[in-house]
Amino acid sequence: MNHDKAALQALQKYFGYSSFRHQQETIVQQVLNKKDVLTLMPTGGGKSICYQLPAVIFDGLALVISPLIALMKDQVDSLNVNGIPAAFFNSSQNPDEQLQLSKKLRDNEIKLLYLAPERLYHSDGKLISFLKTLNVCLIAIDEAHCISHWGHDFRPEYMALASLKTDFPGVPVIALTATADNLTKKDILEKLNLHQPEIYISSFNRENITYRVSRKKDSFKQLLSFLEQRKDEAGIIYCLSRKSTEFLAANLKEYGYPAAAYHAGLDNEVKAKNQEAFLKDEIKIIVATIAFGMGINKSNVRYVVHVDLPKNIEGYYQETGRAGRDGLPSEALLLYSPADAMKLKQFAMIENNPEQSQIMLNKLNDMVRFCELQACRRQYLMNYFGEDFPSNCNSCDFCLTEFKRFDGTSIAQKALSAVVRLKESFGTNYIIDFLRGSKSEKTWASHKELKTYGIGADISKIDWVSYFNELISQGYLQPSEGAYPVLKLTDLSAGVLKGEKKVEFIEREIVEEVKPSEALAYEISLLSELKGIRRDIATNENLPPYVILSDATLLEIATYLPQNLDELRLISGFGDVKLARYGREFLLHVVNYCQINNLTSKIAQKAPKRERKANNPNKINDTATESLNLYKSGKSIAEIATNRGLSQGTIEGHLTQFIITGVLDVSLFVSEDKKQTIKEAIESYGAEKLSPLKEVLGEDFTYAEIKAVIAWMRKEGAL
Ligand code: ADP
Ligand code: ZN
């Protein structure tokens, strides 16, 4: 049989997707070839398809081992909505229901059976004997990291899965997880006795999540202004303490935001109620401790906010990863204060276990470094997890912001000479205290005699911390390995100390945040109508709305305005069954809306259902070219900006790129008079830094004009 074609057809028919994501296709092929497979894919990467699709294609029953009832129920509901018969064994079922299910299984009426691992090898072994009599064609083990002690949530029940390979000889096993370091990976392979497994590791980059860190000043005010623009969207707000989740949820309610708290100390009933309301979109915001999230499959979480500092990068990444499982743009915002870091340091100390304490402290330091970072945050995260990544992701606060830079050479010289004077034997905190001329006894008396002592007293401690972090990230200083890192000089340091090399720092004040491009133009009020229809259907069927159709699907409808069933079939997420069940109802509204508003179908503009590839290295060029084309067609910069949903500054930036290549003439951007003045300023002050130029030139000159002249001088070879 031609697996390729069968798989693609089934993907469209049952799931409504016309192409595979990432490595899904290869994985599905391997499973269809009866190979054992281990799949490591980030949350939202699309793991389920890897076993659900083979299960649909194979004759027989697929067993799916999953650790959480909530997750199972969600998956089973989603499959059933797509017309795929699936069920789960559950302790809440009565004997009658279980009997019925057994009959269906015997009659080959179920394609996927979900089970908790502890049920599988229940003491009397009845279930496993029964399953052995069935035509089991595939075993999928979800959250496979639970089998490892090294993983972050070891579950002893998973150990029993070791005998699956012998109980079901010849049946392919696919193990899936979103978190596994090398040790865990090795453990999974060994403990499950996988037979010559194929291993697939996807990039853990979550390209649809934008990472931002803001200095925490008045967290509630900051939160309100963040939420202000996201009133209709669902989000999770993480706090450190149980008390603050309740406090914050109550405050938000007072300000008109439907929010509920969630933490391990609440009654089970309250927890279940709040979680359910969130899943069903009845409340938009959950304010939670980290107890919330495991097993939350809600795909339309649009943002995750941390109002307190997470303890380590692993936790932060997992929590932010709960946003945007549907692939739509989503936000991760962290409110950071150094005071939080100090507080967490105390928690990190584990009594009588200096080794463990040190590991926790180092992880906390990595987290703090992430917050203080003056470079691409995504790159830092990817590197932390051992993946290479380019230095401009175009979707973190650093990459989206144009910063003012200033000459920090003399600050750098002070810092580096302090490191020299202290013989490269002290950590950042000590050096800062020394620079600031601390009177504390912690600073050695002999050090207080040195000339460098106190030369940095004019700079606050907070600023010093940032400067040191910048010096480290720019490679002028290197922390040593080990439990108590001390700062060492690098090959680059000497140049700065001798005054041969200039160092630039970034000012905290942001000049401009460039808005991300490629905003889809969609019908806003139609989208909210569609959400309303979805909510009604969901309430009727007692299912969470995202199980009916994802936000991504509704957004496509509101964008491409399909007018009939054939057009609707081209919208991602409409398989045959969903089309038949819900298609007409949605169409009716779209057609009606289009008539009233005099709109027509835009389905022809929809590219073949291919996944959009973000982080394309050519993206900047593509987007600049788009601006150029609009400019050439006679549109003004202001019009292009409105048209593309981008700021005028961004468009000007795009266009100046074409001055260098000679496509556009500089006179389009700046008058001859001004051009000469700017040119003179550049000749006296150089073009490395924009801010001093702007300062010299004054209010009458814009950054765009300065940039244009620099570009022109480059083109002329004058720079
Ligand atoms: P994971 O289990 O890895 O967290 P899921 O299997 O829940 O991810 O998939 C995440 C989302 O991506 C779901 O909404 C799913 O329907 C969607 N998805 C998966 N594969 C595809 C695909 N090939 N095309 C479009 N959407 C997909
Ligand atoms: Zn970035």
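Could you list, in their original order, any pairs among LYS253/LYS298; LYS216/LYS501; LYS343/LYS502 whose Cα atoms are separated by more than 28 Å? Could you put the intermediate results ahead of the total?
Numbers: LYS253/LYS298 22 Å; LYS216/LYS501 34 Å; LYS343/LYS502 36 Å.
Checking Cα-Cα distances, LYS216/LYS501; LYS343/LYS502 exceed 28 Å.
Could you state the per residue volume, in Å³, of the convex hull enclosing the Cα atoms of the stretch 46-161? If you can, show how the numbers build up before the last one.
Details: hull volume 12.5 nm³, N = 116.
Per-residue hull volume (Cα only) is 108 Å³.
Viscosity 1.567 mPa s, temperature 4 °C: give me the Stokes-Einstein translational D for the stretch 209-400 in µm²/s, with Rh taken as the Kirkwood radius over C-alpha pairs. Mind showing how you got there, number by number?
Working: Rh = 17.2 Å.
Reported coefficient: 75 µm²/s.
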On the formula 1/(1 + (r/R0)^6), with r taken between the Cβ atoms of ASP59 and GLN100 and R0 of 25 Å, the FRET efficiency rounded to 0.05 is 0.65
Using modelled backbone amide H atoms (1.01 Å from N, in-plane), which distant-in-sequence or interchain residues come within less than 5 Å of VAL213's amide H?
LEU334, ASP397
Tell me which residues come under 5 Å, amide H to amide H, from PHE88 once H is placed; ignore anything under 5 positions away on its chain.
TYR114
Cross-link table LYS404/LYS679; LYS231/LYS311; LYS47/LYS103, entries beyond 23 Å C-alpha to C-alpha
LYS231/LYS311; LYS47/LYS103
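Quote the FRET efficiency, to the nearest 0.05, computed for GLU387 versus ASN592 with a Förster distance R0 of 56 Å and r equal to the Cβ-Cβ distance. If you can, show how the numbers build up before the last one.
On the way: r = 48 Å, r/R0 = 0.85.
The value I calculate is 0.70.
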Whose amide H sits under 5 Å from the amide H of LEU477, counting only residues 5 or more places off or on another chain, with H placed in the peptide plane?
ILE472
Through the Karplus equation 6.51 cos²θ - 1.76 cosθ + 1.60, θ set to phi - 60°, convert the phi angles of the stretch 23-29 into ³J(HN,Hα) values in whole Hz; use x for Gly and Pro.
9, 3, 4, 4, 4, 4, 4
For the stretch 707-714, Karplus-derived ³J(HN,Hα) couplings (6.51, -1.76, 1.60; θ = phi - 60°; whole Hz; x for glycine and proline) come out as 4, 4, 5, 4, 4, 5, 5, 4
Rg/Rh for the stretch 403-513: what does it come to with C-alpha atoms and Rh from Kirkwood?
0.97
What number does the chain give for Rg over Rh if you use C-alpha atoms and the Kirkwood radius?
1.00
Over the chain, what percent of the accessible surface lies on carbon and sulfur atoms, probe 1.4 Å?
50 percent
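Calculated FRET efficiency, LEU224 and LYS5, Cβ-Cβ r, R0 60 Å, to nearest 0.05? If you can, show how the numbers build up before the last one.
Working: r = 53 Å, r/R0 = 0.88.
That pair, LEU224 with LYS5, gives E of 0.70.
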Can you quote the Å³ per residue value for the convex hull of the Cα atoms in the stretch 524-605, rounded to an integer?
82 Å³
Once both labels are modelled 7 Å past Cα along the beta-carbon direction, what's the SER601-ASN80 spacing in nm?
3.3 nm
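Need one number: convex hull volume per residue for the stretch 3-201, Cα atoms only, in Å³. All intermediate terms of the calculation are to be shown ahead of the outcome.
Details: hull volume 22.3 nm³, N = 199.
Dividing the Cα hull volume of the stretch 3-201 by its residue count gives 112 Å³.
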16 Å reach of a label modelled at LYS461, 7 Å along Cα-to-Cβ, counting backbone N of the stretch 328-370
337-346
With every protein chain present, what is the per residue accessible area of the chain (1.4 Å probe, Å²)?
48 Å²
HN-Hα J in Hz across the stretch 8-14 - Karplus 6.51, -1.76, 1.60, θ = phi - 60°, x for Gly and Pro:
5, 5, 5, 4, 6, 5, 8
Using only Cα atoms, locate the centre of the stretch 174-252 and the centre of the stretch 256-321, then give the distance between them in Å, rounded to an integer.
10 Å
Simple spin-label estimate for LEU450 and ALA339 in nanometres, 7 Å along Cα-Cβ
3.1 nm
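For a quick protection proxy, order the peptides 49-56, 484-491 by their average other-Cβ count within 10 Å, most packed first.
On the way: 49-56: 25.2, 484-491: 15.1.
The densest-packed peptide leads the list: 49-56, 484-491.
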Residue separation times 0.36 nm, minus the C-alpha to C-alpha distance between SER684 and ARG584: what's the value?
29.1 nm
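The values are calculated or read from the model by the stated rules, or taken from the named source; none is laboratory data. Just so it is clear, the structure is predicted and the values come from calculations on it, not from any experiment. In this analysis, Cβ positions are derived from the backbone assuming ideal geometry, glycine residues included, and neighbour counts consider all displayed protein chains. What goes into the accessible areas is simple: the full protein's heavy atoms, side chains included, and nothing from ligands, DNA or RNA. Shrake-Rupley method; radii C 1.70, N 1.55, O 1.52, S 1.80 Å.
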